[in-house]
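The numbers here are math on the coordinates, done by the rules we state, and not lab data. The shown structure was predicted, so the numbers you read here are calculated from the model rather than taken from an experiment. So basically every Cβ, Gly included, is an ideal-geometry build from the backbone, and we count neighbours across all protein chains shown.
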Amino acid sequence: MVLTGAVAIAVLLLSLLPMLRLVREIILPGGNFSTAAIDAGLANPATWTATWHTIVVGVGGTLLSVFLGTLIALVVTLTDMRGRGPFILFYVLPLMIAPQVTALAWLQLFGPASPFLKMVGLAPPLGTRNPLYSTGGIILLLGIQYGPLVFLLVRAGLRKLPRELVEAARAGGAGWFTVLRTVILPLMTPSIVAAAALAFVSCVGNFGIPAFLGIPANYLVLPTLIYQRLAGAGPAVLGETAFLSLLIGMIAMAGIVTQEAMSRRRDYRISSTSLAAEPYELGRWRPLVEAALWLLIVLILVLPLFGLLLTSLVPGYGIPLTAETATLDNYRFVLFEHDAAGRAFFNSFCLSVAAAVFAVAVAIPIGYLIAWGRQRWVRLVNLCIELPYALPGVVLAIASLLLFLKPIPFTGVQIYNTVWIILYAYLARFLVLALRPTVSGYHQVDRALEEAAQVAGASLFTRLRTIIFPLVAPAAMAGGLLIFMTALSELTVSALLWASGSETIGVIMFSFEQGGDSNYAAAMSAIMVAATFVLMLLANLFASYLPSGVLPWRD
């Protein structure tokens, strides 16, 4: 009963309460029914323009990510290509990098001041418009950012593909393209559709890429419109921005509902499971296919990050990189001289550690109920915990603002405009990242040990501390590492919640770029990319102790 009550309180505080507060502000401001916020939002032409832009980039980014992710998943999973493990690590890396870092890297690669283009003699004149400041640029980067997400989900489905169905089709004389068209892709439809839905939600709620590429071109989507409204008018427009955030949530949910409807149109179940299908032998085409895949890595990862690194080494805008001009002053400035940047590194590190530790501690008892509980309401608990992560981050940010605009009842504690409101939003949004691998860990644990301790009279707390935690700790801590990596450069939530003294790394990067200090932003971004890659490599050292699938970049 104590565990059930604690879980119920956690779910109420982190999931239901902010969402209910958001809805209340829209239809019951001040406790009285009113449609003023809805009317104000609908009457503003900017709302309709931003909504249309959101749908356009959401659909465009989804289509591109589904095409890239599905195609690469088919080649990597079903063929005998070599170097599969390193390729997956590098292809998934953009998904682990913050979207604003991706945007900045591409901007520095193709901009008129690009040190890389200057080195190869292709730089356009200074003042030339960056081609990425456009709808197509936003769609391109969204597709590249979330292509790995589609890849992971489709690859997971392909690894469960029944071997006998493929072999039966091949024995009947069907070529590989016929097998792909008539057997594999139809069976993969649920995975592809589910991946498309998640990609759509991610594209719709993305703030970093539309902010870096859209704001300079005055191309606003709903998240950037909300940011501009709050930056310009503050709490006075919280009602209207609450409606706009709900509008984002409705668009995202429309994608999920569409996915559910498409999945139910046909029965995709298979009658049996077996070993994975034998890989297709590429033969003389294998070197060409492998070269094409690694060329893709160079184009979407290596070149942008190389351009970012070069920009971080030049002393100012438009200066070519030479042995004489190369400098580390940008790194020294952001690490040791800029007060806000120093606070941002400290704040982001502490927030990420706190969110990861809390999530691991909470995920173990909640995972116990979800994995082994038989109550009917357990599934509802799981859905409630996933809600803040499934919805775009801007929805949770606005809900958190509304929830803590006034001091916490009965305590008088004010966390609005402090670092604590960002921590609350991180806890609510990222808890599920620790919960999923923890539940997977429970499913691989033999419950006989826990049951024996229960028969011997051990309390639930004792069983959790002495038996269960040591067994599921590796999976839970891997989830905590994912939270740390995700929260370290997070921008979508913190862009709406930060105040002076509570800056985060993502916020300072955005501020540098908006202020024209791209060299400083590039230096911070390069530091974060290096940190992310090192953490991924360190996590690989402990991969043998983790359940399969916990580390998404592991083969």
Taking alpha-carbon centroids only, the range 66-136 lies from the range 186-256 a number of Å equal to 22
Dipole moment magnitude, nearest 20 debye, the range 330-488 about Cα centre, only Lys, Arg, Asp, Glu C-beta charged: 280
Dipole of the chain, positive end: most advanced residue of Phe542, Ala6, Phe243 [Cβ charges, Cα centre]: Ala6
Using a simple charge model, +1 on the beta-carbon of Lys and Arg, -1 on the beta-carbon of Asp and Glu, nothing else, what dipole does the chain show about its Cα centre, in debye to the nearest 20? 1160
Taking a spot 7 Å from the Cα of Leu538 along the direction of its beta carbon, which residues of the range 473-497 have an amide N less than 11 Å from it? 481, 485
Taking the alpha-carbon centre of each part, the distance from the range 376-396 to the range 320-373 in Å is 25
Just name one of Ala399, Thr322, Met528: the one whose Cα is farthest towards the positive end of the charge dipole of the chain (beta-carbon charges, Lys/Arg +1, Asp/Glu -1). Ala399
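Work the Kirkwood hydrodynamic radius out for the chain: mean of 1/r over every pair of different alpha-carbon atoms, inverted, in Å.
In the chain this quantity evaluates to 25.0 Å.
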Subtract the Cα-Cα distance of Lys160 and Asn32 from 0.36 nm times their separation in residues, and report this length gain in nm to one decimal. 40.7 nm
What is the calculated FRET efficiency for Asp39 to Phe349, with r their C-beta to C-beta distance and R₀ = 45 Å, to the nearest 0.05? 0.55
Once fully extended, how much extra length lies between Leu282 and Ala323, figured as 0.36 nm per residue of separation less the alpha-carbon to alpha-carbon distance? 10.3 nm
Quick one: putting +1 on the C-beta of Lys and Arg, -1 on the C-beta of Asp and Glu, what dipole do you get for the range 370-458 around its Cα centre, in Debye to the nearest 20? 260
Mind checking the full-extension length gain between Leu185 and Val455? Use 0.36 nm per residue of separation minus the Cα-Cα distance, one decimal, nm. 92.2 nm
Order of Thr224, Thr258 from fewest to most other C-beta atoms within 10 Å? Thr258, Thr224
Kirkwood hydrodynamic radius, computed over distinct alpha-carbon pairs, for the range 54-327: how many Å, to one decimal? 20.9
Just how far, in whole angstrom, is the range 492-517 from the range 1-38 if you go by their alpha carbon centroids? 28
